[in-house]
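Chemist: So that we are looking at the same thing, I have put the structure below in structure tokens.
The values are calculated or read from the model by the stated rules, or taken from the named source; none is laboratory data. Fair warning: this is a prediction, and the values are worked out from it, not measured in the lab. Glycine also receives a Cβ, built like all others from the backbone with ideal geometry; neighbour counts cover every protein chain displayed. Areas reflect the complete protein model, heavy atoms only, side chains present, ligands, DNA and RNA absent. Shrake-Rupley method; radii C 1.70, N 1.55, O 1.52, S 1.80 Å.
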Amino acid sequence: NAHLSSYADMAHGGKYYTYISQELPEKMRAMFPLSDKREDNFIAGLSMGGAGCMKIGLNNPQNYAAIGCLSAGAVNRGGIAMTPERRARMIMTYGTEDISIFTRKGTPEDVFGAAQRILDEDLPRPRIFHSVGTEDFVLPSARETRDFFQGLAGNPFDYTYEEHPGAHTWEYWD
């Protein structure tokens with residue numbers, strides 16, 4: 001569980017990025033006979049978890065063969081109003097309400113920058129499966145993500161995007 005952390009090492013809260021990307025895999029491998037080989041590891045999630053999986057998978061491409069993202073964009077910012085509650089969460093999570101945090105180079109929040117770094121440094125490229133419902137409120141963020149990955153020459157991430165009728169619901173995810 002990453003609660004409402006956006007899978008970040010929060011400014012005022014837990015270190016969820018570190019927990020999910022480093023600590024949890026180590027603990028799971030200590031408890032169960034799980035492989036540490038990249039080709040045996042995948043990361044997937046839905047909603048905030050889908051965005052978190054894009055963030056973690058693209059910032060740690062040496063760890064994951066594929067990323068699954070359902071009902072999310074690489075960053076869930078488009079189409080979501082900056083309500084007082086969301087503003088408070090941004091400050092708790094990032095220490096700011098400035099959404100430019102999502103493009104600050106060299107931070108885990110810059111997911112598109114992480115993808116470009118993979119290409120620039122010729123790092124392992126996780127395959128990406130991305131699906132969203134046509135009535136989902138995160139559709140603008142999903143389409144922004146789609147446009148970024150489909151704009152990369154040669155489809156280097158073997159990126160697959162699907163839209164189907166449905167909303168931000170368990171019926172769609174099932």
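Chemist: Report the residue count in the range 1-28 for those that are open to solvent by 90 Å² or more (accessible area, probe 1.4 Å), more than 26 Å from Asp174 (Cα to Cα) and in contact (Cβ under 8 Å) with a residue 12 or more places away in the chain.
Modeler: 1
Chemist: Condition check: under 10 Å from the mean Cα position of the chain (by Cα) and in a loop (DSSP other than H, G, I, E, B). Does Gly13 satisfy that?
Modeler: Criteria not met by Gly13.
Chemist: So, one more: Which one of these is open to solvent by less than 40 Å² (accessible area, probe 1.4 Å) and out of contact with any His (no Cβ under 8 Å at 6 or more places or on another chain): Met31, Met54, Met82? Explain how you work it out, then say what you get.
Modeler: Numbers: Met31 fails: open to solvent by less than 40 Å² (accessible area, probe 1.4 Å); Met82 fails: open to solvent by less than 40 Å² (accessible area, probe 1.4 Å).
Only one candidate passes the filter, namely Met54.
Chemist: Among the residues of the range 92-119, what is the count of those that are assigned to a helix (DSSP H, G or I) and at pLDDT 80 or above?
Modeler: Residues in the range 92-119 being assigned to a helix (DSSP H, G or I) and at pLDDT 80 or above: 12 in total.
Chemist: Identify all residues within the range 87-115 that are farther than 21 Å from Ile128 by Cα and touching a Ser or Thr at 6+ places or on another chain (Cβ under 6 Å); write none if there are none. Lay out the reasoning, then the answer.
Modeler: As a first pass, look at the range 87-115 and keep what is farther than 21 Å from Ile128 by Cα: 87-101, 104-106.
Passing the criteria: only Thr93.
Chemist: Something else about it: Output the residue which, of all residues in the range 120-147 that are under 16 Å from Ile67 (Cα atoms) and part of a helix (DSSP H, G or I), is most open to solvent (accessible area, probe 1.4 Å). Working first, answer last.
Modeler: The first filter runs over the range 120-147 and keeps only residues under 16 Å from Ile67 (Cα atoms), leaving 123-132, 142, 145-146.
Subset that is part of a helix (DSSP H, G or I): 142, 145-146.
Details: Ala142: 0, Thr145: 1, Arg146: 55 Å².
The selected residue is Arg146.
Chemist: Consider only pairs whose beta carbons are under 8 Å apart and that are at least six residues apart or on different chains; among these, list those whose first residue lies in the range 129-156 and is closer than 12 Å to Ala74 by Cβ and whose second residue is in a helix (DSSP H, G or I) and among the hydroxyl-bearing types (Ser, Thr, Tyr).
Modeler: Between residues of the range 129-156 that are closer than 12 Å to Ala74 by Cβ and residues that are in a helix (DSSP H, G or I) and among the hydroxyl-bearing types (Ser, Thr, Tyr), the close pairs are His130/Thr145.
Chemist: Quick check, is Ala44 open to solvent by 60 Å² or more (accessible area, probe 1.4 Å), under 11 Å from the mean Cα position of the chain (by Cα) and under 28 Å from Asp174 (Cβ atoms)? Even if it seems obvious, please write down each step before you answer.
Modeler: Values: open to solvent by 60 Å² or more (accessible area, probe 1.4 Å): yes; under 11 Å from the mean Cα position of the chain (by Cα): yes; under 28 Å from Asp174 (Cβ atoms): yes.
In short, yes.
Chemist: Check Glu39 against each of (1) open to solvent by 30 Å² or more (accessible area, probe 1.4 Å); (2) farther than 25 Å from Glu162 by Cα and name the one condition it does not meet.
Modeler: Result: Glu39 fails condition (2) only.
Chemist: Here is a further query. Please work out which residue is nearest to Tyr159 (Cα to Cα), limiting yourself to the range 19-59 and to residues that are of a type in the set (D, E, K, R) and assigned to a helix (DSSP H, G or I). Give the derivation first.
Modeler: If we filter the range 19-59 for residues that are of a type in the set (D, E, K, R), which is where we start, we get 23, 26-27, 29, 36-40, 55.
Filter once more, so that each one left must be assigned to a helix (DSSP H, G or I): 23, 26-27, 29, 38-40, 55.
Details: Glu23: 28, Glu26: 28, Lys27: 30, Arg29: 28, Arg38: 18, Glu39: 17, Asp40: 19, Lys55: 15 Å.
Taking the candidates together, the pick is Lys55.
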